[in-house]
Amino acid sequence: MGVHNALGAKIAEEAGVDGLWISSFEVHAAARLPDADILGPEDYVEVVSKIVDRVKIPVLVDGNAGGGNAINTIRLVREFEKVGASGICIEDNIFPKRCSFYDGMQQELEKSSTFRGKIQASLEQRTDTGFAVIARTEALIKGLGMKVALERAKEYADEGAEGILIHHKGTDSEPILEFAETWYKTETRPLVCVPTTYNTISYQALDDAGFKLIIFANYGIRAQVKALQETFGLLMKNKRLADANDEVVSMDEVFRIIYVDELRENEDRYVR
């Protein structure tokens, strides 16, 4: 599940997700910025460190275009490792990247040889071989076709990427399913997808197609925007807090999620 802060991470964990996706789109949106590599590594490290400290499930970080060239990618990997992330996903957009869903921006991809260098650097310079390195290709989104998408994905897998994220922003899931069917005829490296726009397809259908990691992205920030717009709008319309009681949880529920009981227990045990 895509998240952008520790509170959302805990709610996702309680909902039953297997892991968390620290989404560049969500982290930028939470800072009221477009997803365009405006935030730096230190901004992500702050978010990731708080999330990892407060949940028990794995955390995969959206590493965008790797932070620049391969030398920058090494720093991203090292920094995310240090704060306890379980892996990074980097994409073959040119740095600074633009969100895949922005129309009319950044039509070309990075040279595959340059991107393979980022994959190599990530694998060789990580300090923990359990830290996953996933490569994402935007070939379908750029309109380069299935052949190019498969060729690039194979290059990245041959370079050692431990998972391949095939991205797509059409409403039809067929290209994703076609990619997976063709891929697994000759390849074994696991596939990853993000069904944000082709969101009518079921988890089961993607699982049956062989996708080993399915990321439900963006809904955390979108749900937050909707809830705040409705609640704040109602409050400012009526100028009375009680009129929005049905739109919010109780204070006790917030206390539960933020571990006030644990605070009380720790005070009783340790504060003398």
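With contacts taken as Cα pairs under 8 Å at a separation of at least 6 residues, region 2-224 carries a relative contact order of 18 percent. The antiparallel fraction among DSSP beta bridges confined to the chain stands at about 5%. Counting only residues at least eight positions apart within a chain, or on another chain, the lysines with an alpha carbon under 19 Å from that of Lys226 are Lys237.
Sites listed here are chymotrypsin sites (Phe, Trp or Tyr not before Pro) in region 219-272 whose DSSP assignment is loop and whose Cβ has at most 10 other Cβ atoms within 10 Å, and the list is empty.
Checking every one of the trypsin sites (Lys or Arg not before Pro) in region 1-96 against DSSP loop status and a limit of 13 other Cβ atoms within 10 Å picks out Arg32, Lys56.
By how many degrees, between 0 and 90 and to the nearest 10, does the Cα long axis of helix 145-159 differ from the longest principal axis of the chain? Rounded to the nearest ten degrees, it is 90. Per-residue 3J(HN,Hα) values for region 55-65, derived from phi via the Karplus relation 6.51 cos²θ - 1.76 cosθ + 1.60 with θ = phi - 60°, read 9, 10, 9, x, 10, 9, 9, 6, x, 6, 8 Hz in sequence order (x marks Gly and Pro). For the chain, the 222 nm mean residue ellipticity estimated from helices alone, with every DSSP H stretch of n ≥ 4 adding -39500 (n - 2.57) and the total spread over all residues, rounds to -15000 deg cm²/dmol. For region 98-176, trypsin sites (Lys or Arg not before Pro) meeting the loop criterion (DSSP other than H, G, I, E, B) and having at most 11 other Cβ atoms within 10 Å: Lys111. Specify the inter-centroid distance of region 76-145 and region 26-64, based on alpha-carbon positions, in whole Å. If you average the Cα positions of each part, the centres end up 15 Å apart. When the pairs Lys10/Lys239; Lys56/Lys82; Lys154/Lys212; Lys10/Lys142 are compared against a 27 Å limit on Cα-Cα distance, Lys10/Lys239; Lys10/Lys142 fall above it.
The numbers here are math on the coordinates, done by the rules we state, and not lab data. Being a predicted model, the structure only gives us computed values, none of them experimental. Using ideal geometry, Cβ is built from the backbone for each residue, glycine included, and neighbour counts are taken over all protein chains shown.
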